[in-house]
1. Among residues belonging to segment 365-414 that are of a type in the set (Val, Ile, Thr) and open to solvent by less than 20 Å² (accessible area, probe 1.4 Å), point out the one that is nearest to residue 79 (Cα to Cα).
2. Six or more apart or on different chains, Cβ under 6 Å: which pairs go from a residue in segment 210-233 that's more than 21 Å from residue 368 (Cβ to Cβ) to one that's open to solvent by 20 Å² or more (accessible area, probe 1.4 Å) and modelled with pLDDT of 95 or more? Could you list them?
3. Does segment 328-361 hold any residues that are under 13 Å from residue 391 (Cβ atoms) and aliphatic (A, V, I, L, M), and which are they?
4. Quick one: in segment 277-332, which of the residues that are among the β-branched types (Val, Ile, Thr) and in a loop (DSSP other than H, G, I, E, B) is surrounded by the fewest Cβ atoms within 10 Å (Cβ to Cβ)?
5. Looking for something open to solvent by 10 Å² or more (accessible area, probe 1.4 Å), within 16 Å of the ligand (Cβ to nearest atom) and modelled with pLDDT of 95 or more - is there at least one such residue anywhere in segment 97-106?
Amino acid sequence: MDILSLIARAEADCQPIFAALEENEIKNTRRVLDAFHAEDIAQRHFAPTTGYGYDDIGRDKLEKVFARLFGAESAIVRPAVACGTAALSLCLFGLLRPGDHLLSAAGAPYDTMETVIGLTGNAPGNLREMGVSYSQAEMAEDQTKLDVPGVLSAIRENTRVILIQRSRGYAWRASLRPEDMAPLIAAVHEKRPDIFIMVDNCYGEFLSDREPTHFGADVCVGSLIKNPGGGLAPTGAYLAGTERAISRIESRLTAPGLGREVGSYAASYQPFYQGLFMAPHTVTQAVKTAVLSARVFELLGMKTTPAFDAPRADIIQAIEMGAPDRLIAFVQGIQAASPIDGSAVPEPWDMPGYADQVIMAAGTFVSGASIELSADAPMREPYTVYLQGGLTYAHGKLALQSALEKMLRSGALA
Ligand SMILES: *Cc1c(COP(=O)(O)O)cnc(C)c1O
């Protein structure tokens, strides 16, 4: 097999998709610029602060810019919120009270959320221990759509929060575009205006020029070492939503009465602003990498989701490798092309909290940043790998070539 001509053929097939992605990049770059201009962002907003951080203008402005971009009344954007899970947990503990019920509208949530809710493990202070009950509605039509009647009938008297996870995460289901959530959001708000609709927006930002908050979600939550950090933000997470939601959440962020008024950062805020400015471009690079990878493996006869030309709501590409040796060679080939730790050779290992062994490639500048090219897979049938990220399409393409070479050399591809 000639790898270069395979990639060239796939790339030719992808051209119309790439053109649409670049159109979307322009729209989103315009939105980011408009938000920067409306808030009159200047050098002084990059300045570090210490201690309580009263009157930290860099922090306040960053939150205002995010609120505008999400069409939201308010936002919390902080380096001190350690990761996406921490932000989602903060959101849940801010909105829920003992005796309340949490309903997941898109089936089982992301792995780490199961621990927060208390579905797995027994972490002290999880939602179950705090007196919050939980149930979930499954997605309909072969895991492609939210089941609006099903969710409505699962609402209880004490339901306070409905969680919608946008991304497929590491499940073989469709991701949800913001507009796919709109009918459920409208139906819930009509029936029970007191319920908060919270969206786990991880991996979805900038895939289109609207976010779930534009379609009425009460709050959107995500990580800054994924899409909206543009590969430059070193840490942190955001929550954007209605004042009603954010004012409850900010009490848990710091303390009741202090809310968003405190919180300093002793390094510059510049990478957060610059990362947000870069994000529409970086996300486009990552999605182009995903689309090309899907097409290459489709040409090789393998199953992918989404298909290369299907609509996308997140940056994740799932590919069924079908055999363990193929999967391992693929992941090792991605690692070998990483800018950092390129000499590391990933092997399947027993990761805490996971039933099957896991193998992952991640040679990133920002530790664990999955807006940078990375691949993960549980070692179980049908040996599906989840590929995401890529700061540049050129790197994504070279990494794909490296993975195919490794697969050929190891005899995993004919
Ligand atoms: C990444 C992710 C999370 C958790 O974020 P971390 O930053 O890894 O804690 C939650 N939900 C989804 C869908 C994610 O992709």
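The values are calculated or read from the model by the stated rules, or taken from the named source; none is laboratory data. Computed from a predicted model, the values in this text were never measured in an experiment. Please note: Cβ atoms are built from the backbone with ideal geometry, for glycine as well, and neighbour counts cover all protein chains shown. All accessible areas refer to the heavy atoms of the entire protein, side chains included, with ligands and DNA or RNA removed. Shrake-Rupley method; radii C 1.70, N 1.55, O 1.52, S 1.80 Å.
1. Among those residues, the one meeting the criterion is 371.
2. Qualifying pairs under 6 Å: 213/71; 213/72; 214/71; 215/182; 218/242.
3. 337, 340
4. 316
5. The answer is no; no qualifying residue exists.
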